[in-house]
1. If you go through the range 22-36 one residue at a time, do you hit one that is in contact (Cβ under 8 Å) with a residue 60 or more places away in the chain, in contact with a Cys (Cβ under 9 Å, 6 or more places away or on another chain) and not acidic (Asp, Glu)?
2. Can you work out which of the residues in the range 125-141 that are in contact (Cβ under 8 Å) with a residue 12 or more places away in the chain and open to solvent by less than 60 Å² (accessible area, probe 1.4 Å) is nearest to residue 199 (Cα to Cα)?
3. Applying the selection to the range 1-32, what residues are open to solvent by less than 20 Å² (accessible area, probe 1.4 Å) and more than 21 Å from residue 61 (Cα to Cα)?
4. So in the range 33-48, with the set limited to residues that are surrounded by 14 or more Cβ atoms within 10 Å (Cβ to Cβ) and more than 12 Å from the chain's Cα centre (by Cα), which one is modelled with the highest pLDDT?
5. Among the residues in the range 120-137, are any at positive phi and part of a helix (DSSP H, G or I)?
6. Just name the residue that is nearest to residue 61 (Cα to Cα) out of those in the range 176-189 that are open to solvent by 40 Å² or more (accessible area, probe 1.4 Å) and within 21 Å of the chain's Cα centre (by Cα).
7. If the Cβ limit is 7 Å and pairs must be 6+ apart or interchain, which residue in the range 198-212 that is over 23 Å from residue 141 (Cβ atoms) pairs with which residue that is surrounded by 15 or more Cβ atoms within 10 Å (Cβ to Cβ) and among the small types (Gly, Ala, Ser)?
8. Residue under question is residue 14, and the condition is that it be closer than 25 Å to residue 149 by Cα and of a type in the set (A, V, I, L, M, F, W, C); does it hold?
Amino acid sequence: MTKGDALHLAFGVFGNATGLFLFLSPAITFKRIVNKRSTEQFSGIPYVMTLLNCLLSCWYGLPFVSPNNLLVSTINGTGAAIESVYVLIFLIFAPKKEKGKMLGLLSLVLAVFATVVFVSLFALHGNGRKLFCGIAATVFSIIMYGSPLTIIRLVIKTKSVEFMPFFLSLFVFLCGTSWFVFGLLGKDPFVAIPNGFGSGLGAVQLILYAIYRDNKGQNKKATADESLEMEKTNSKLHQEKPSNSLQSQDEQV
């Protein structure tokens, strides 16, 4: 094994480790969802898109599709199983309207994966199969990494990181960086390109977290304080009304 091969393997193993942490990091979020029996303002889109990415990347890494990428298949196969659990939990506790959207998106995801598998098995061979599966995996990997953009928008709008878990952002960055280097060393653009995008997006999330981390939950507190102040004001007005009324009667007399 050459030095380059050893380095390639090392980044693949590190990518598997960070990838596993990435897939497990939302466990804290889903514990909260189960305890509150509500998905609150959390978005289920990233988990469905991550499931599709895992399925396609796992398929792409199989030896008969793309040689020397078995490490890609192992972590993404594991990720597909974990993401399936998250999607199921989200569907159980999501509001009716959100549940309908999620089911529609999940159906589309499974249809896309089935189409890729069918076409690659029965219509393509050799480099053509690798190219087709690689493009599909790249496109949906970029979509997966881009799915938290809705949460980033929420963070910027509310100036709060309450609904953007830190560890998810951290491991998006670490995992994306690991597989980006792995793809560069292996001269595989279908691994390097989407993960380079993911690495950059993860960095953006970490920067936002650093900026707004002290505002976590602050908006809720401000809203509660405003409500309390309104209640006090209303109470004061109600107390003053009888007094004013009596004063008016005395003046009339």
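1. yes
2. Within the range 125-141, the match that is nearest to residue 199 (Cα to Cα) is 141.
3. Those that are open to solvent by less than 20 Å² (accessible area, probe 1.4 Å) and more than 21 Å from residue 61 (Cα to Cα): 25, 26, 29, 30.
4. Here is the first cut: in the range 33-48, the residues surrounded by 14 or more Cβ atoms within 10 Å (Cβ to Cβ) are 33, 39, 42-48.
Still in the list and also more than 12 Å from the chain's Cα centre (by Cα): 33, 39.
Details: 33: 89, 39: 85.
Result: 33.
5. Scanning the range 120-137 turns up at least one residue that is at positive phi and part of a helix (DSSP H, G or I).
6. 180
7. Cβ pairs passing all conditions: 212/160.
8. On the way: closer than 25 Å to residue 149 by Cα: no; of a type in the set (A, V, I, L, M, F, W, C): yes.
Answer is no for this residue.
The values are calculated or read from the model by the stated rules, or taken from the named source; none is laboratory data. The shown structure was predicted, so the numbers you read here are calculated from the model rather than taken from an experiment. With ideal geometry, Cβ positions are generated from the backbone for all residues, glycine too; neighbour counts draw on all protein chains shown. Heavy atoms of the whole protein, side chains included, go into the accessibility calculation; ligands, DNA and RNA do not. Shrake-Rupley method; radii C 1.70, N 1.55, O 1.52, S 1.80 Å.
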